[in-house]
Amino acid sequence: QRARAAEVGVLVHNVSTCAAVHTAIRLGQPLVERIVTINGGAVLNPGNVYAPLGTLVDELLAFCGLRETPSRLILGGPMMGTPLIHGHVPLIKGASGILAFDAREAAVPEAGPCIRCGSCTKACPMGLLPLEMALRIRADDLEGATDYHLSDCISCGCCAYVCPSHIPLVQYFTHAKGELAAQERAKLRSDAA
């Protein structure tokens, strides 16, 4: 049976969260700073930086130095990170990295048609069928995508990473989840009225 960790009574935390809990409980200190990895082709001196929460991404990049103006900024990791449109964004407690890609790294190949190779299915840690979900989402059949357990997708990006056709699968799934959430909110508002 498929279930998320919290649904079966398990908490999964990374090392930074465990250290922050220890510091808060044993030492009485709130989380006010964290170690952040600064990397990417546009960064002159990549590395790990101990930074206060609220520090702007631009300030951290200036601290490490830039070879060139980044073509793409990502707050977080390459698979699940959040793309930024500028660096005037504060560091938040959940951010473990900042990626400043140069033009070569930021190049996104044009998506081709799905060749139904199954690579995305093999890569999915949740055992989902990303190609089937994407097929239904492209046909505007969100209910059909839900039947293939869209809500179980953890947006890890493994499927999109291995796709030889460069299909932005995670973007499809994120869009569909957003649409379903908007429909649910609209339904709740109409039921309340």
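The values are calculated or read from the model by the stated rules, or taken from the named source; none is laboratory data. Worth saying up front: this structure is predicted, and the values here are computed from it rather than measured. FYI the Cβ positions are ideal-geometry reconstructions off the backbone, even for glycines, and counts take in every protein chain you see. Ligands, DNA and RNA are stripped out before the accessible areas are found, and what is left, the full protein with its side chains, is counted by its heavy atoms. Shrake-Rupley method; radii C 1.70, N 1.55, O 1.52, S 1.80 Å.
For segment 172-179, in order, what is each residue's ³J(HN,Hα) by Karplus, 6.51 cos²θ - 1.76 cosθ + 1.60 with θ = phi - 60°, in whole Hz (x at glycine and Pro)?
Going residue by residue, I get 4, 5, 5, 4, 5, 4, x, 4 Hz, with x marking Gly and Pro.
At 1.4 Å probe size, with the rest of the protein present, what percent of the exposed accessible area of the chain is carbon and sulfur atoms?
The nonpolar share, carbon plus sulfur, comes to 57 percent.
Let me make sure I get this right: for segment 104-175, a, b and c are the square roots of the gyration tensor eigenvalues over alpha carbons, sorted descending. Under 1.5 in a/c it's rounded, otherwise prolate if a/b > b/c, else oblate. Which is it?
Prolate shape, in that a/c is at least 1.5 and a/b is the bigger ratio.
What's the extension gain from residue 17 to residue 174 if we count 0.36 nm per residue and subtract their Cα-Cα distance?
Here the answer is 54.0 nm.
If the reach is capped at under 22 angstrom between alpha carbons, list the lysines near residue 187, excluding any in the same chain fewer than eight residues apart.
Filter leaves 177.
What does the extension gain come out to for residue 35 and residue 139, with contour length at 0.36 nm per residue minus their alpha carbon separation?
That pair, residue 35 and residue 139, stretches by 33.1 nm at full extension.
Can you list the HN-Hα couplings for segment 30-37, worked out from phi with the Karplus curve (6.51, -1.76, 1.60; θ = phi - 60°), rounded to whole Hz and with x for Gly and Pro?
x, 6, 10, 8, 7, 7, 10, 8
I'd like the distance between the alpha-carbon centres of segment 144-186 and segment 101-125, rounded to an integer number of Å.
14
Scan around residue 34 for amide H atoms under 5 Å from its own, H built in the peptide plane at 1.01 Å from N, and keep only partners 5 or more places away or cross-chain.
Sorted by chain and number, the residues that satisfy this are 51, 53.
At most 10 other Cβ atoms within 10 Å and a DSSP loop assignment: could you name the trypsin sites (Lys or Arg not before Pro) in segment 1-68 that fit?
Here the trypsin sites (Lys or Arg not before Pro) that fit, given the DSSP loop and packing criteria, are 2.
By the gyration tensor of its Cα atoms, with a ≥ b ≥ c the square roots of the eigenvalues, what is the shape of the chain: rounded for a/c under 1.5, prolate for a/b over b/c, or oblate?
oblate
Quick check for you: with a 1.4 Å probe and neighbouring chains kept, what is the accessible area per residue of the chain, in Å²?
On a per-residue basis, the chain sits at 63 Å².
Can you work out the FRET efficiency for the pair residue 147 and residue 107, with r the C-beta to C-beta distance and R0 = 45 Å, to the nearest 0.05?
Efficiency for this residue pair is about 0.80.
Spin-label point model (7 Å from Cα, Cβ direction): what's the residue 122 to residue 189 distance in nm?
Taking the two extended label points, one gets 4.6 nm.
In debye to the nearest 20, how big a dipole does the chain give about its Cα centre with +1 on each Lys and Arg Cβ and -1 on each Asp and Glu Cβ?
340
Considering the dipole of the chain built from charges on the beta carbon (Lys and Arg +1, Asp and Glu -1) around the Cα centre, which of 52, 148, 159 is farthest to its positive end?
So the residue we want is 52.
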